[in-house]
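Undergrad: This structure is in structure tokens; I'll ask about it shortly.
The values are calculated or read from the model by the stated rules, or taken from the named source; none is laboratory data. Note that the structure is predicted; figures quoted are calculated from it, not measured. As a convention, Cβ positions derive from the backbone with ideal geometry for all residues, glycine included, and neighbour counts pool all protein chains shown.
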Amino acid sequence: MRVLVVEDDREVADYVRRSLEEEGYGVQVCHDGYTALKTAATAAFDIILMDIMLPQMDGLEITRRLRRLKVKAPILLLTARDSAQDVVSGLDAGADDYLTKPFSLAVLLARIRARTRVFGAKAGDVLRYADLAMDVARHEVMRGPIPLKLTRTEFLLLECLLRASGKVVPRERLLDHVWPDREVSYNNLEVFMSFLRDKVDQPDMKRLIHTERGVGYSLRDY
């Protein structure tokens with residue numbers, strides 16, 4: 001597995017690189033925004049660990065540009081701030097998740113595993129509900145004839161809803177499915193679900209994702 005580490009603090013970057021290499025990962029390190037953008041856009045990585053505060057170009061702008069370039073690798077933002085607005089800004093830029101500094105190596109490794117794990121899907125494993133279809137193996141989602149571009153986190157949330165076959169999925173189940181390695185608040189889950197809903201239930205489409213107050217979420221076609 002190849003990891004791109006984007007961190008301008010050379011001591012931190014070296015520590016992360018050595019720690020990941022000891023775990024068997026292939027690691028490449030960039031210390032500034034322009035180099036990171038060029039590297040991530042021209043080479044394949046399984047995950048990108050992206051510091052937000054960088055010289056030349058910040059991590060949010062790099063993330064936006066990579067998503068415009070159709071780079072699909074999960075992006076894990078490294079940030080010293082974890083307010084709701086900071087989380088929204090990172091997700092809106094196209095990131096899949098965030099990790100607050102300072103962080104432990106164990107948490108970092110668990111987050112990498114969570115963002116890159118494969119669920120044993122086979123070719124032809126397609127989940128459907130109403131006009132929504134998800135090809136799990138190909139990581140593709142369609143709403144009718146329209147392809148939906150979901151982040152990995154949004155994909156996992158929608159997968160959990162689809163596998164429930166229209167039933168209510170409790171918030172705790174969604175949290176365990178998407179973030180098995182960490183505690184995420186209900187408020188943060190609501191932020192992620194809002195981003196997913198904006199993509200699945202566009203203005204000219206029938207609403208499918210519903211909030212079950214105090215319980216969780218469901219797919220309903222009525």
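Undergrad: Which numbered condition trips up ASP96, out of (1) touching a Pro at 6+ places or on another chain (Cβ under 7 Å); (2) in the same structural domain as TYR186 (by TED's automatic domain parsing)?
TA: If we test ASP96 against (1) touching a Pro at 6+ places or on another chain (Cβ under 7 Å); (2) in the same structural domain as TYR186 (by TED's automatic domain parsing), just (2) comes out false.
Undergrad: In addition: Within the range 6-36, which residues are touching a Lys or Arg at 6+ places or on another chain (Cβ under 6 Å) and either closer than 18 Å to GLN56 by Cβ or in a helix (DSSP H, G or I) (or both)? Spell out how you get there, then give the answer.
TA: At the first step, the residues of the range 6-36 found to be touching a Lys or Arg at 6+ places or on another chain (Cβ under 6 Å) are 26-27, 29.
Across the range 6-36, the qualifying residue is only VAL29.
Undergrad: In the range 94-111, what residues are in a helix (DSSP H, G or I) and within 11 Å of the chain's Cα centre (by Cα)?
TA: ARG111
Undergrad: For the range 185-194: of the residues being without any contact (Cβ under 8 Å) to a residue 60 or more places away in the chain and surrounded by fewer than 18 Cβ atoms within 10 Å (Cβ to Cβ), which is nearest to ASP125 (Cα to Cα)?
TA: SER194
Undergrad: Out of curiosity, is VAL16 in the same structural domain as ARG67 (by TED's automatic domain parsing), modelled with pLDDT under 95 and buried (at least 16 other Cβ atoms within 10 Å of the Cβ)?
TA: yes
Undergrad: Another question, if that's okay. How many of the residues in the range 185-222 are small (Gly, Ala, Ser) and at pLDDT below 90?
TA: So the count comes out to 2.
Per-residue answers, yes or no, for (1) touching a Ser or Thr at 6+ places or on another chain (Cβ under 8 Å); (2) of a type in the set (Phe, Trp, Tyr):
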position	(1), (2)
LYS149	no, no
LEU158	no, no
GLY166	yes, no
TRP179	no, yes
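Undergrad: So, one more: Counting just the residues of the range 44-59 that are modelled with pLDDT of 90 or more and within 14 Å of the chain's Cα centre (by Cα), which one comes out surrounded by the most Cβ atoms within 10 Å (Cβ to Cβ)?
TA: MET50
Undergrad: All but one of (1) under 27 Å from PHE45 (Cβ atoms); (2) basic (Lys, Arg); (3) surrounded by 13 or more Cβ atoms within 10 Å (Cβ to Cβ) hold for ARG143, so report the exception by its number.
TA: Failing condition for ARG143: (1).
Undergrad: Cβ-Cβ below 6 Å, separation at least six or inter-chain, first residue in the range 1-15 and among the acidic types (Asp, Glu), second loosely packed, with under 14 Cβ neighbours inside 10 Å: which pairs?
TA: Every condition considered, the pairs that remain are ASP8/PRO55.
Undergrad: Here's another thing I want to ask about it. May I ask you to list the residues in the range 158-177 that are of a type outside the set (Asp, Glu) and without any contact (Cβ under 8 Å) to a residue 40 or more places away in the chain?
TA: Within the range 158-177, CYS160, ARG163, SER165, LEU175, HIS177 meet the criteria.
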